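This report refers to the structure that appears directly beneath it.
The values are calculated or read from the model by the stated rules, or taken from the named source; none is laboratory data. Just so you know, these numbers come straight off a predicted model, no measurement behind them. Note that each Cβ is placed from the backbone with ideal geometry, even for glycine, and that neighbours are counted across all protein chains shown.
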Amino acid sequence: MGLIGPATSCDPRSTPPNRNKPHMLIHEQSRPGRRAAAQAPLYSAEVSDIPVSARRVAPLVLPEVSELQAVRHYTRLSQKNFSIDTHFYPLGSCTMKYNPRACNTLAMLPGFLARHPAAPDSHGQGLLACLFELQEMLKEVTGMHAVSLAPSAGAQGEFAGVAMIRAYHRARNDGARTEILVPDAAHGTNPASAVMCGFVAREIPTGPNGDVDIAALREAVGPQTAGIMLTNPSTVGVFDRNIQEIAGIVHAAGGLLYYDGANLNAILGKVRPGDMGFDVIHMNLHKTFSTPHGGGGPGAGPVGVSKRLEPFLPVPLVVQDGDDYRWVSEHERPQSIGRLTAFGGNMGILLRAYVYARMLGREGMKRVSEFSTLNANYLMARLKAAGFDAAYPQRRASHEFIITMKRETKELGVNAMDFAKRLLDYGFHAPTTYFPLLVPECLLIEPTETETKEELDDFVAALVAIREEARTNPELVKGAPHTMPVRRLDDVRAARQLDLAWRSTANCT
Amino acid sequence: MPFVPHTDEDVAAMLGAIGVATIDDLFDEIPRELRIGELAAIPAGMAEMDITRLMQARARADGQPLCFIGAGAYDHHIPAAVWQIASRGEFYSAYTPYQAEASQGTLQLLYEFQSMMTALTALDVSNASLYDGASALAEAVLMAVRANRKTKSHRVLVPRALHPAYRRVLRGIVESQGIEVIEAPFDRQGGQTPVAALDALVGDGGFAAIVINQPNFFGVIEDVDVLTDWAHAQGALAIAVVNPIALALLKAPGEWGAAGPERGADIACGEAQPLGMPLSSGGPYAGFLCCKKDLMRQMPGRIVGRTLDLEGKPGFTLTLQAREQHIRRGKATSNICTNQGLLVTAATIHLALLGTAGLERVAAACHANTRRLAALLCEIPGVEPRFDRPMFHEQVLRLPAPTADLLHALAAHGVLGGFDLGPDYPELDPALLVCATELRTEEEMQRYVTTLARVIAARTQAKCPVEPKI
Ligand SMILES: Cc1ncc(COP(=O)(O)O)c(C=O)c1O
């Protein structure tokens, strides 16, 4: 089986032993008086005019280490991570595809990096040209009338989108619309964004085949409905075939349709949210447009709208005036929902997405959905053939799909989390576990278009091998991982005996 | 095919395993009439060398003018190691550390970040970042309104001397939950927020929280002790908005106010950009948020804790997740999911390289440079300091001509002279907010001064009207 097998000390997939040593905090390496002197000004300037009453009292305790210590420490910490660059990372709903290096290099050119956000537009024509063209490309791929690049991530795009829905109803003096409908399969950010925006989130069930329960939807809509938040394909990994009917029902009730663009990768260049009837959408550029996930972020969550919502778009927007580009802010857009961050968005991420979009071009964009869908359906077919249970076996997979470990949990006592943890030992990042909440013991698997067939085959072999281990030696799987820098961590202890920061004296409890 | 590895044989084998004839068949559940043809408005793809040429030309077009603007984003030295390490694929291309055992690098780093931020603010708990300083303030206000069971008020008091964009973002985010934002005036002489003016604003409703900005948007150092005590006397929470570099010199939020059980700001938030993040036209930056421990269950965002593995070895994991949207959905403390992790990676490495002494030196150098710059500029007739109170690293100057005109002329000479306060503060017009960080040299400051003097002189010679000094 070659590389497929649990890692052992002579296996190339295993971690070198020194990486497994408990690793001191940078604070614990600190020695008073030691410093990375080259990094700060060579002199101590005079500050005596700052009143003593305003000065710091308690000494500031930051690590005091040499430059080499810091560089070695953080380089070694990086080596304790799984990442796309080092491992297959089929984390469903997150689109962990290859982040082209050119995007990083070109977004970090000095002219872009050094530009102050308040610099005049005359000193930003290069940046603004990229952002304007990105707005235009995003309009085209989504079929929306106008786009704002302002939101910093998907959830902020959701907030902006729901705020626009609110502003729209208000502008029509329709104050009775207080509810946002959210399918039970939706990501947690959807109801959280609706509530943050002052709405009540009402749940709609998913039918047995993965599509929204139409009868329940008909029941739920009414004059209190402000809108519905949907992703299509949904988080259960299928395309909702009734989308036009759903749009009809919600629109007839006077509500608007919000599209959560987390799964846009599945349909890029094939179908457009605007054509499906959505009024407002967000995109996750850190998913579909391959900007880095950075250990948690940053992202970018541009919003697109139909014509009737355009006045409410968040600012700033980029417009073209003759040969010049310029920012448009709230002064020119009195109905705008306003500003979401102080300086208008994650520009460096938008530049990365722009470079990626230009490298793909129109043909490349279509290939994104085609090959991410091919990889997902292939992986699902192989896993089904190997005896795993797809959550929706009769359906096509979108760019992702769910397998449920319900049977394995019952028969072998080894659950989805155990499989996930054991996959780490086999050198694979785990799929998304226990989301969406409606499928028990689920693994949401998203291989993305940038993975090779060989990688997918290895992944199947690993899951088969783990199931075999679960039969013969379940404790091995339940005790996984074995080869990571740490064994399975005690989350209950973490939440009960809180240790959230290093203190020079005692820990916070 | 860029970034798609499939050979023709792969595709054939994969389609065979699925049992379909073409890739297109995989889309057969999508209603026909919804399918689109060509994406006409998307240009054809480009090779890396061609997009490189285009981006280099565009970056060059933006130039690298000499920058004396601060106003919430600051041009500091970033050690070379910071982004070399932060750009390593293991940090750059990982995601939220859901699988803790395979993410100990990110998790330990975040724990170290939390430790550094709690040290800077002298508070108990830090989260692992929010989008930026302004949205962090909005989250702090939402958190305070939820947490304040004393006043049960939905009003918050915010200084007018707070960044205008922060005030706008705050309003846009919190007003949808029925929270009212009330502005406290600033003193025209000193530029600080006078506590004497606040009593008149209390009204019947009281305040859930009071925002205290140190230094304030004008660079002026506020009487934070008095303001914090006033907040607590009202039963309001004190929310500090602070610059992390300034905290090397200025009193930490946890130490604000008179000694006693209530001592200290309850929440501190702000913009982490000065800690190793390039200006980059406004982002990505990172918001930080710290609080006293009795408020931590109201905190938004990720928090990392240290725990033990099943062999008793220490390790790190996301914790207090019952606050978050993926568990609590509509009842979460915030909707935030993706945050600004990579920027926090940079900030942590930055702080480790600078250490206490380095950060103090940077802060002191910024302070001294801005004083020096202001003194030099005030030698030009008609230019004078607008406020008479001490500042940290920004200063408001009164100008002898409309600010926008002067800035425009300066920019034509490759100098970005500062932030025009006129549009947001008509009562101060014409006024300019200048900043000289540790990066600005004596020659650069001299260049600014001679350019401005020349620009003003040229206007006078052209007999442009100059506002008389009052
Ligand atoms: C389906 C779905 N919706 C919304 C989000 C939220 O996006 P973000 O994390 O960019 O805020 C995510 C992902 O994280 C998601 O998977």
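For the range B:119-151, give me the residue count where each residue is surrounded by 24 or more Cβ atoms within 10 Å (Cβ to Cβ) and in a helix (DSSP H, G or I). Selection size over the range B:119-151: 14.
Can you tell me which residue among B:Gly235, B:Gly276, B:Gly287 is touching a residue at least 12 places away in the same chain (Cβ under 8 Å), on the phi > 0 side of the Ramachandran plot and buried (at least 24 other Cβ atoms within 10 Å of the Cβ)?
Being touching a residue at least 12 places away in the same chain (Cβ under 8 Å), on the phi > 0 side of the Ramachandran plot and buried (at least 24 other Cβ atoms within 10 Å of the Cβ) holds for just one of B:Gly235, B:Gly276, B:Gly287, which is B:Gly276.
Could you list, in sequence order, the residues of the range A:258-284 that are under 15 Å from A:His145 (Cβ atoms) and of a type in the set (Asp, Glu)? Selection gives A:Asp275, A:Asp279.
For residues that are within 21 Å of B:Arg171 (Cβ to Cβ) and either modelled with pLDDT under 95 or facing chain B (nearest Cβ under 7 Å) (or both), scanning just the range A:154-166, find the one that is farthest from the ligand (Cβ to nearest atom). Ranking the candidates gives A:Arg166 first. The requirement of being within 28 Å of A:Val238 (Cβ to Cβ), surrounded by fewer than 24 Cβ atoms within 10 Å (Cβ to Cβ), touching a Lys or Arg at 6+ places or on another chain (Cβ under 6 Å) and in contact (Cβ under 8 Å) with a residue 40 or more places away in the chain is fulfilled somewhere in the range A:446-462, by at least one residue. Here A:Gly92 clears all of (1) touching a residue at least 24 places away in the same chain (Cβ under 8 Å); (2) within 25 Å of B:Pro79 (Cα to Cα) except the condition numbered (2).
Regarding the range B:344-365, can at least one residue be identified that is within 16 Å of the ligand (Cβ to nearest atom) and within 21 Å of the chain's Cα centre (by Cα)? Walk me through how you get there before you give the answer.
In the first step, residues of the range B:344-365 are kept if they are within 16 Å of the ligand (Cβ to nearest atom); the result is B:344.
Then keep just the ones that are within 21 Å of the chain's Cα centre (by Cα); that gives B:344.
There is at least one residue in the range B:344-365 that is within 16 Å of the ligand (Cβ to nearest atom) and within 21 Å of the chain's Cα centre (by Cα).
Look at (1) surrounded by fewer than 19 Cβ atoms within 10 Å (Cβ to Cβ); (2) more than 10 Å from every other protein chain (Cβ to nearest Cβ); (3) in contact with a strand residue (DSSP E or B) (Cβ under 6 Å, 6 or more places away or on another chain) and you find that A:Arg493 fails only one, number (2). Within the range A:316-333, the set of residues being surrounded by fewer than 22 Cβ atoms within 10 Å (Cβ to Cβ), in contact with a helix residue (DSSP H, G or I) (Cβ under 8 Å, 6 or more places away or on another chain) and at pLDDT 95 or above comprises A:Val319, A:Gln320, A:Asp324, A:Tyr325, A:Arg326, A:Trp327, A:Arg333.
At least 2 residues that are away from chain B (no Cβ under 12 Å) and away from the ligand (no atom under 14 Å from the Cβ) in each: list the strands (runs of 3 or more DSSP E) lying fully within the range A:263-323 that qualify. Write out each step before concluding.
Details: elements: A:280-283, A:303-305, A:317-321.
Counting at least 2 such residues, we get A:303-305, A:317-321.
Of all positions in the range A:360-369, none carries a residue that is assigned to a loop (DSSP other than H, G, I, E, B), more than 7 Å from every other protein chain (Cβ to nearest Cβ) and either farther than 30 Å from B:Pro278 by Cα or β-branched (Val, Ile, Thr) (or both). Evaluated against (1) touching a Phe, Trp or Tyr at 6+ places or on another chain (Cβ under 6 Å); (2) within 15 Å of the ligand (Cβ to nearest atom); (3) part of a helix (DSSP H, G or I), A:Leu134 falls short on exactly one condition, (2). Taken as a whole, the structure places A:Ser372 among residues that are polar (S, T, N, Q), within 16 Å of the ligand (Cβ to nearest atom) and in a helix (DSSP H, G or I).
Given A:Ala385, A:Ala391, which one is over 25 Å from the mean Cα position of the chain (by Cα) and hydrophobic (A, V, I, L, M, F, W, C)?
Values: A:Ala391 fails: over 25 Å from the mean Cα position of the chain (by Cα).
The conditions single out A:Ala385.
If you filter the range A:324-348 down to residues that are among the aromatic types (Phe, Trp, Tyr) and touching a strand residue (DSSP E or B) at 6+ places or on another chain (Cβ under 7 Å), you find that the one that is nearest to the ligand (Cβ to nearest atom) is A:Trp327.
Listed here are the residues, each with its yes/no results for (1) of a type in the set (A, V, I, L, M); (2) within 30 Å of B:Tyr98 (Cα to Cα); (3) in the same structural domain as B:Leu120 (by TED's automatic domain parsing); (4) surrounded by fewer than 24 Cβ atoms within 10 Å (Cβ to Cβ).
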| site | (1), (2), (3), (4) |
| --- | --- |
| B:Gln321 | no, yes, yes, yes |
| B:Arg328 | no, yes, yes, yes |
| B:Ile336 | yes, yes, yes, no |
| B:Asn339 | no, yes, yes, no |
| B:Val344 | yes, yes, yes, no |
| B:Arg361 | no, no, no, yes |
| B:Cys378 | no, no, no, yes |
| B:Pro381 | no, no, no, yes |
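Within the set A:His87, A:His169, A:His116, the sole residue that is more than 10 Å from chain B (Cβ to nearest Cβ) and away from the ligand (no atom under 16 Å from the Cβ) turns out to be A:His169.
Considering the range B:172-197 alone, what residues qualify as being crowded, with 21+ Cβ neighbours inside 10 Å and at positive phi?
Result: B:Gly191, single match.
At the interface with chain B (Cβ under 8 Å from one of its Cβ atoms), over 29 Å from B:Leu342 (Cβ atoms) and at pLDDT 95 or above: does that describe A:Asn377? For A:Asn377, the condition - at the interface with chain B (Cβ under 8 Å from one of its Cβ atoms), over 29 Å from B:Leu342 (Cβ atoms) and at pLDDT 95 or above - is met.
Table: residues versus (1) small (Gly, Ala, Ser); (2) assigned to a loop (DSSP other than H, G, I, E, B); (3) buried (at least 22 other Cβ atoms within 10 Å of the Cβ).
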residue	(1), (2), (3)
B:Asp388	no, yes, no
B:Leu397	no, no, yes
B:Ala404	yes, no, no
B:Gly422	yes, yes, no
B:Glu443	no, no, no
B:Val449	no, no, no
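Just so you know, in the range B:297-313 the residues that are among the hydrophobic types (A, V, I, L, M, F, W, C) and either surrounded by fewer than 20 Cβ atoms within 10 Å (Cβ to Cβ) or more than 8 Å from chain A (Cβ to nearest Cβ) (or both) include one that is farthest from B:Ser126 (Cα to Cα), and it is B:Leu310.
Applying the condition of being more than 13 Å from the ligand (Cβ to nearest atom) and of a type in the set (Val, Ile, Thr) to the range A:173-192 and asking which residue is nearest to the chain's Cα centre (by Cα) yields A:Ile180. Counting the residues of the range B:283-341 that are away from the ligand (no atom under 14 Å from the Cβ), touching a helix residue (DSSP H, G or I) at 6+ places or on another chain (Cβ under 7 Å) and in a loop (DSSP other than H, G, I, E, B) gives 7.
Checking every residue in the range B:16-28 against the condition of being out of contact with any helix residue (DSSP H, G or I) (no Cβ under 8 Å at 6 or more places or on another chain), outside any helix (DSSP H, G or I) and free of Cβ contacts under 8 Å to residues at least 60 places away in the same chain gives at least one match.
Being crowded, with 18+ Cβ neighbours inside 10 Å, more than 16 Å from the ligand (Cβ to nearest atom) and not polar (S, T, N, Q) is a description that applies to A:Gly111.
Check B:Gln84, B:Gln108 and return the single one that is closer than 22 Å to A:Ser290 by Cα and at pLDDT 95 or above. So that I can check it myself, show each step before the final result.
Numbers: B:Gln108 fails: closer than 22 Å to A:Ser290 by Cα.
Just one listed residue meets the conditions, B:Gln84.
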